[in-house]
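This report concerns only the one structure given below.
We did not get these values from a lab; they are worked out from the coordinates using the rules stated. Just so it is clear, the structure is predicted and the values come from calculations on it, not from any experiment. In this analysis, Cβ positions are derived from the backbone assuming ideal geometry, glycine residues included, and neighbour counts consider all displayed protein chains.
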Amino acid sequence: MTEQRFTGKHVLITGASSGIGQATVVRFVSEGAKVFGLARSAEGLEETRSLCADPEMFGYATCDVGDESAVRDGVAAAAEYLDGRINVVANVAGLTLKTPLAEYDSEVARKLMDVNFHGPMRVIAEALPHMVEGVGSSIINISSTSATQAMPELTAYGASKAALTTATLGLAVELAPKRIRAVSLTPSGVKTRMMWDIWEQVKDYQGDWYGRLLHLWGQEESGEADELAAFICFAASDEAVYWNAADLRIDGGARAAY
């Protein structure tokens with residue numbers, strides 16, 4: 001039987017229709033949480049619901065986190081479903097797009113910032129009035145290894161994730177009087193559709209920059225979405241109450257290849 005660490009806890013998750021976000025919803029529900037998910041795909045959200053051990057413990061609304069009004073409406077729907085009480089906000093939604101310097105498009109860069117940085121910040125700001133103050137409440141932001149190392153042709157993506165990582169540190173200090181923790185996770189090489197789509201676009205870049213971002217045991221040993229979900233749930237659990245204002249790199253040891 002799965003450990004019930006989140007019985008009575010209420011969780012808001014973005015990016016809940018696929019990949020890491022979907023796996024995280026399933027994990028939280030299996031551990032007793034009541035969860036509300038935001039994502040762009042209604043079909044994907046319904047699929048997530050079908051995967052939950054108790055589908056009645058998962059509610060959702062379609063939402064593009066890059067759209068400020070959509071975030072406002074989405075979080076309001078979450079607060080209603082979660083009885084006005086949110087213990088955990090997990091920002092998993094993200095967007096990866098190439099921005100090679102020779103073809104640099106500031107609109108693409110703005111879109112990346114809207115989804116990867118402004119989006120999570122808006123979600124947190126809208127959720128904060130509903131967050132339970134005190135030990136046991138947390139904000140988990142999913143960043144990327146690109147926030148701290150070179151990823152040619154993905155520079156705007158890396159900048160957006162670096163902004164999120166840095167902002168998480170500031171949030172932890174700002175929210176310390178409320179006893180709400182804020183941490184970030186920086187995964188690399190996880191087997192999700194988004195990851196492998198961008199991998200196909202950059203894998204042949206000169207110098208094997210991207211090959212060195214994979215698991216030390218090879219691409220086939222790269223992380224699974226449910227493995228990342230386990231880390232997110234640990235980060236939100238009472239077992240992690242001393243983890244605050246810090247980032248955890250989850251890359252299967254890839255950084256050691258540098």
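Between helix 42-51 and the chain, what is the angle of the helix's C-alpha long axis to the longest principal axis, kept within 0 to 90° and rounded to the nearest 10? For 42-51 against the chain, the angle is about 70 degrees.
In a simple Cβ point-charge model (Lys, Arg +1; Asp, Glu -1; nothing else charged), the chain has a dipole of about 620 debye relative to its Cα centre. Most fluctuating residue of ALA78, ALA90, ALA42 in a GNM of the chain with Cα springs under 10 Å: which is it? In this elastic network of the chain, the residue with the biggest mean-square fluctuation among ALA78, ALA90, ALA42 is ALA42.
Specify which residue in the list VAL88, PRO129, VAL75 is farthest towards the positive end of the charge dipole of the stretch 64-139, using unit charges on the beta carbon of Lys, Arg (+1) and Asp, Glu (-1), about the Cα centre. Value: VAL88.
Helix 155-174 versus the longest principal axis of the chain: what is the Cα-based angle in degrees, 0 to 90, to the nearest 10? On a 0 to 90 degree scale, this one is about 40. Setting aside same-chain residues fewer than 8 positions from LYS161, which aspartates and glutamates have a Cα under 16 Å from its Cα? Cα-Cα hits under 16 Å: ASP114, GLU153, ASP247, ASP251. The C-alpha atoms of the stretch 10-249 occupy a region whose extents along the principal axes are 52, 36, 35 Å, arranged from largest to smallest. Residues whose amide H falls under 5 Å from that of ILE86, counting only those 5 or more places apart or on a different chain, are MET131, VAL132, with hydrogens built in the peptide plane. The angle between the Cα long axis of helix 225-236 and the longest principal axis of the Cα atoms of the chain comes to about 50 degrees, rounded to the nearest 10.
Within the stretch 71-147, the chymotrypsin sites (Phe, Trp or Tyr not before Pro) that combine a DSSP coil assignment with at most 15 other C-beta atoms in a 10 angstrom radius are TYR104. Taking a ≥ b ≥ c as the square roots of the eigenvalues of the alpha carbon gyration tensor, the stretch 41-83 is oblate, as a/c is not under 1.5 and a/b does not beat b/c.
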